[in-house]
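Here the structure is laid out as structure tokens; the discussion comes afterwards.
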Amino acid sequence: MAFAASSVASRTRPEPEPGTPTGSRFAAPLMIASAVVGLLWIVVFYVISGTDITIPVYSDLGDWNIVIGMGFIVAAFGFAMKWE
């Protein structure tokens, strides 16, 4: 059902004018910011994991910090899809 709806929606969407940008102008800054946040999230996790340093909520997450950091990086790829 969803495939049929998206198929009809793509055929009824008007074509953009030539030279008109179709992407989002915020896609590139959001892509870079999301990738940097994800990378820093993972780096901070690995740096503080072998020490006695505790960051209140961050340290309680444990290995889930890697999943969260990778989530930011995957979101960066999502923003890259909108960039032209």
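Throughout, read-outs are computed from the coordinates displayed, never taken from laboratory work. Computed from a predicted model, the values in this text were never measured in an experiment. Here Cβ is always computed from backbone atoms with ideal geometry, including for glycine, and neighbour counts include all displayed protein chains.
What is region 22-81's relative contact order, in percent, from Cα pairs under 8 angstrom and six or more apart in sequence?
Relative contact order, region 22-81: 59 percent.
Once label points are set 7 Å from the Cα along Cα→Cβ at both SER49 and MET70, what is their separation, rounded to one decimal in nm?
1.2 nm
Which value, in nm² and rounded to one decimal, describes the direction-averaged projected area of the C-alpha convex hull of region 22-81?
Projected over every direction and averaged, the Cα hull of region 22-81 covers 4.1 nm².
Give the calculated FRET efficiency between TYR58 and THR20 to the nearest 0.05, with a Förster radius of 25 Å applied to their Cβ-Cβ distance.
0.05
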